[in-house]
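Notes to accompany the following structure.
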Amino acid sequence: MINKIKYSILVLLTLAAFTACQNDDMVTPNVDAMVAEPGDLLNQTFPSTKVRVEGENLKGLKKITLDDKIDISFNPNYNSDKSFIFTIPFDEKLGSRFGVQPITFLTAAGSVTKNIEILQPLPTILKTIPAVATPGFPLEIQGTWFYNVSSITLAGKAVSYSVNSSSSIIIGLPANAVSGSELVITTPGGKATKSIEFATVILVSDFDGNGLRTSWTSYGDVDSFSTNTAGGPTGNYATLVWTGSTANGYNGSSAGGGSNFLSTSNNDATRAFIDIDVSANVVGAQFAIQLNTIDGINYGYNFKVTDVNWTTKTISIADFKDNYGFGANSAATLDPSKINEIKVGIAQGDTPNPSAIKFDNIKIRYQ
């Protein structure tokens, strides 16, 4: 009996020693460093950057998980006992974020978790839409890494903005912005800059005494005309009323001709526009806009009001046509630098009776 007990104790001691030896032989993965390539960032990296992991017992890599939720793909052919390589992803839909976060490596020998810091890249500005901006109008900025935007300035002054996405921002441009002003977008990743070119904008009249044409009169079958009606978009506005008279067959208003609005270099009709704030007493009231040039050429553009509230109507000069806007020949070949008069009236052949059109802030723009 005593011998059996001794034998059992001996077996237990042998098993314990064997188990201890096994535990001594067990290995676990260890990560000494995570190095961004190229460069020398240690345990830090940017999105879409390769990271080289260095350590021991890393063979048989099975899975990489970032921030406890994002699985990272890798090439097992670049895996050894001492190192492996993977690329940091960045996908908002998966919950990617910047800052320090855990990353777990599962290998044949077990798992190990370390912290890695994902740095926000420098933002970039790729282009603006439109390519040539207009003072007082919105401008879309397209680029990359528009995350956590802290400020946007133009010529050193803050501007209003709305971030549509990480690649698109809409900014509000001041009315007095000038070409060559530097736009600066600031994020935690740094600053993106771009020189902004602006269109040439000539104020024809705002009916508050400003612009190149301030003394307006009416003609033709106009019932009444006023240039100082209060309550417009920016102050006074003009009102032209037609009540059905056909004695002349036409009507309108003008501040006369004079010198050209644009310089001789502004000679491409596809780059020239008329901007005018419009309203009316009734939907369907039809505006008739006419352009005259210093050499006696005239083109027209007619449109119906679709909203009695004030809206800004933008018309490409290339869309004007001969025969007071009803002809077949467009003004695509017209030299806009020769325009020296803008007339505003009602196309009385197809408009409600009575029609009262309202207009303000007439501008000619070249971009």
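The values are calculated or read from the model by the stated rules, or taken from the named source; none is laboratory data. Quantities reported herein were computed from a predicted structural model and do not represent experimental measurements. Because the Cβ atoms are built from the backbone with ideal geometry, glycine has one as well, and the counts that use them run over all protein chains shown.
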Can you run down the residue pairs with Cβ atoms below 8 Å, 6 or more apart or on separate chains, where the first is in the stretch 290-306 and within 15 Å of residue 328 (Cβ to Cβ) and assigned by TED's automatic domain parsing to the domain that holds residue 273 and the partner is basic (Lys, Arg) and surrounded by fewer than 19 Cβ atoms within 10 Å (Cβ to Cβ)?
299/321; 300/321; 301/321
Given the conditions (1) in the same structural domain as residue 47 (by TED's automatic domain parsing); (2) assigned to a strand (DSSP E or B); (3) over 17 Å from residue 31 (Cα atoms), report the number of the one that residue 141 does not fulfil.
(1)
Sole residue being in the same structural domain as residue 54 (by TED's automatic domain parsing), in contact with a strand residue (DSSP E or B) (Cβ under 6 Å, 6 or more places away or on another chain) and within 18 Å of residue 46 (Cα to Cα), chosen from 146, 90, 105, 74
74
Failed condition for residue 221, given (1) crowded, with 18+ Cβ neighbours inside 10 Å; (2) under 22 Å from residue 310 (Cα atoms), with all others met?
(2)
Output the residue which, of all residues in the stretch 159-216 that are under 28 Å from residue 227 (Cα atoms) and of a type in the set (Phe, Trp, Tyr), is surrounded by the fewest Cβ atoms within 10 Å (Cβ to Cβ).
216
Anything in the stretch 110-137 that is at pLDDT 95 or above and touching a Gly at 6+ places or on another chain (Cβ under 9 Å)? List them, or say none.
112, 117, 118, 119, 120, 121, 122, 123, 124, 125, 126, 127
Taking the stretch 160-174 and keeping only residues that are without any contact (Cβ under 8 Å) to a residue 24 or more places away in the chain and over 12 Å from the mean Cα position of the chain (by Cα), one is left with 160
Say whether the condition of being in contact (Cβ under 8 Å) with a residue 60 or more places away in the chain and among the acidic types (Asp, Glu) is met by at least one residue in the stretch 343-350.
yes
Residue count, the stretch 1-57, condition at pLDDT 80 or above and outside any loop (DSSP other than H, G, I, E, B), comes to 18
Yes or no: the stretch 353-362 includes at least one residue that is crowded, with 19+ Cβ neighbours inside 10 Å, more than 26 Å from residue 236 (Cβ to Cβ) and among the aromatic types (Phe, Trp, Tyr).
no
Scope the stretch 89-135; condition among the hydrophobic types (A, V, I, L, M, F, W, C) and either surrounded by fewer than 16 Cβ atoms within 10 Å (Cβ to Cβ) or over 17 Å from residue 70 (Cβ atoms) (or both); matching residues
94, 100, 108, 109, 112, 122, 125, 126, 129, 131, 132, 133
Can you pull out the residues in the stretch 146-159 that are touching a residue at least 40 places away in the same chain (Cβ under 8 Å), within 21 Å of residue 121 (Cβ to Cβ) and over 13 Å from the mean Cα position of the chain (by Cα)?
147, 148
Requiring at least 2 residues that are surrounded by fewer than 18 Cβ atoms within 10 Å (Cβ to Cβ), the strands (runs of 3 or more DSSP E) wholly within the stretch 255-342 are 298-304, 311-316
